[in-house]
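Just below is one structure, and these are the notes that go with it.
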Amino acid sequence: MTSPSSTSVASKVLALLGAFDADHRELTLTELARRAGLTLSTAQRRASELAAWGALERTDAGRYRVGLRLWEVGSLAPRGLGLREVALPFLEDLYVVSRENVQLAVREGTEAVFVERIAGRSAVRVLTRVGGRFALHATGVGLVLLAHAPPEVFDQVVRAGLASYTPATITDPAALRGTLAGVRRDGYAVSRGAVTEDALSVAAPITDAGGHVVAAVSLVVAIDGARPQALAPLVRAAARGISRAYATYGDR
């Protein structure tokens with residue numbers, strides 16, 4: 001492991017920001033230093049600078065959390081912002097028709113990153129959140145994104161190991177390859193009980209003006225009584241609408 005003294009200032013700052021995740025939204029200075037791999041004095045100095053700029057905030061109890069200034073900068077990311085802007089009306093329409101969980105995701109490396117989600121109060125529980133990441137081989141959107149990714153991405157996903165979330169998660173590379181071929185053939189993906197045993201996801205690809213898959217949209221419903229063949233036309237129609245709007249957005 002690289003010693004704290006040998007890392008750059010930028011690396012130390014990034015390590016502090018990277019110490020936060022969905023399970024660690026607020027950290028004491030000691031926790032922050034430990035998770036970032038920095039000395040307490042270095043963490044205190046850099047955290048104070050980040051707090052002064054607005055990337056971090058201090059709670060009344062003296063704990064650190066991510067600041068709004070960082071969110072403001074992050075919201076400028078073109079892939080997330082532009083896509084979400086044009087997709088939201090179609091996501092809302094899909095939710096009104098289904099009253100189920102609607103999700104929008106892009107691929108970042110070997111993971112799916114969720115950029116928008118609409119959830120009903122009576123919809124099935126999901127593990128995803130806006131800004132969160134998930135394995136490509138398990139979720140509906142992940143299967144779509146992986147099916148249309150360069151071949152080397154598949155190799156990287158397999159080398160990293162196909163984690164099992166439920167007994168239905170695909171953990172065999174050959175089976176995954178066959179599933180992805182079916183996604184490309186059918187134009188949509190079905191993830192049945194692969195993330196949580198009570199949920200089923202149907203997802204479809206979103207393309208840019210050049211026909212390249214840039215994102216995926218999905219419906220996540222309770223697995224009991226779910227009919228993927230009936231849900232697929234709804235999801236694919238939303239994906240086509242988003243694709244057309246996104247292609248036009250790119251010309252602005």
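The values are calculated or read from the model by the stated rules, or taken from the named source; none is laboratory data. What you are looking at is a predicted structure, and each value in this text was computed from that prediction instead of being measured. Neighbour counts are summed over all protein chains in view; Cβ atoms, including those assigned to glycine, are modelled from backbone coordinates with ideal geometry. These area figures cover heavy atoms from the full protein model, side chains too; ligands, DNA and RNA do not enter into them. Shrake-Rupley method; radii C 1.70, N 1.55, O 1.52, S 1.80 Å.
Details
- Residues of the stretch 118-156 satisfying the condition of being within 17 Å of Val183 (Cα to Cα) and hydrophobic (A, V, I, L, M, F, W, C): Ala135, Leu136, Ala138, Val141, Leu143, Val144, Leu145, Leu146, Ala147, Ala149, Val153, Phe154
Residue by residue, here is whether (1) in contact with a Phe, Trp or Tyr (Cβ under 9 Å, 6 or more places away or on another chain); (2) open to solvent by 50 Å² or more (accessible area, probe 1.4 Å) holds:
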{"position": "Val115", "(1), (2)": "no, no"}
{"position": "Gly142", "(1), (2)": "yes, no"}
{"position": "Pro167", "(1), (2)": "no, yes"}
{"position": "Ile170", "(1), (2)": "no, no"}
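- Where a residue in the stretch 22-48 is free of Cβ contacts under 8 Å to residues at least 24 places away in the same chain and its partner, wherever it lies, is small (Gly, Ala, Ser) and buried (at least 16 other Cβ atoms within 10 Å of the Cβ), with Cβ under 6 Å and at least six apart: Ala33/Ala43; Arg35/Ala19; Leu40/Ala33
- Candidates in the stretch 215-252 are the residues that are touching a helix residue (DSSP H, G or I) at 6+ places or on another chain (Cβ under 7 Å) and surrounded by fewer than 20 Cβ atoms within 10 Å (Cβ to Cβ); of these, the one that is modelled with the lowest pLDDT is Tyr249.
- Every pair of residues 6+ apart whose Cβ atoms lie under 7 Å, when the first sits in the stretch 134-152 and is closer than 17 Å to Ala174 by Cβ while the second is surrounded by fewer than 24 Cβ atoms within 10 Å (Cβ to Cβ) and among the acidic types (Asp, Glu): Leu136/Glu111
- Single residue of Arg184, Arg133, Arg121 found to be open to solvent by 70 Å² or more (accessible area, probe 1.4 Å), more than 17 Å from Leu200 (Cβ to Cβ) and modelled with pLDDT of 90 or more: Arg184
- Looking at Leu40, Leu94, Leu56, just one residue is open to solvent by 60 Å² or more (accessible area, probe 1.4 Å) and either on the phi > 0 side of the Ramachandran plot or modelled with pLDDT of 90 or more (or both), and that residue is Leu40.
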